[in-house]
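Okay, so here's the structure we're looking at.
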Amino acid sequence: MFLEALFTPTEIKMFSKRLGALKLLFRGASYSEIDEKLHLTPTTINKMSNIIHRADDSFRRLLAKFS
């Protein structure tokens, strides 16, 4: 797998969780819901929230496709 050549298993897991947080935030999930499902810290969830708030239209369209 391509990602396994570049990242450790832990990095792949965290990347997946962050993508999941982006998806859930885009759908309107609360921080507590995301923490419950993905076991992420409020700091990490907040970073993902900031990414969405600063995102341009093309990034938002991409998120909409995955949500």
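A short reminder: the numbers here are calculations on the coordinates, not readings from a lab. Predicted model only: the values in this text are computed from it and were never measured. Every residue, glycine among them, receives a Cβ derived from its backbone with ideal geometry; neighbour counts consider all protein chains shown.
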* Given (1) on the phi > 0 side of the Ramachandran plot; (2) surrounded by 10 or more Cβ atoms within 10 Å (Cβ to Cβ), number of the condition GLU36 does not satisfy -> (1)
* To do: Under 7 Å between Cβ atoms, at least 6 apart or on separate chains: pull out the pairs that start in the stretch 28-39 with a residue that is free of Cβ contacts under 8 Å to residues at least 60 places away in the same chain and aromatic (Phe, Trp, Tyr) and end on any residue that is part of a helix (DSSP H, G or I) and surrounded by 11 or more Cβ atoms within 10 Å (Cβ to Cβ).
  => TYR31/PRO42; TYR31/ILE45
* Structure fact -> (1) on the phi > 0 side of the Ramachandran plot; (2) in contact with a Lys or Arg (Cβ under 7 Å, 6 or more places away or on another chain) all hold for MET48 apart from (1)
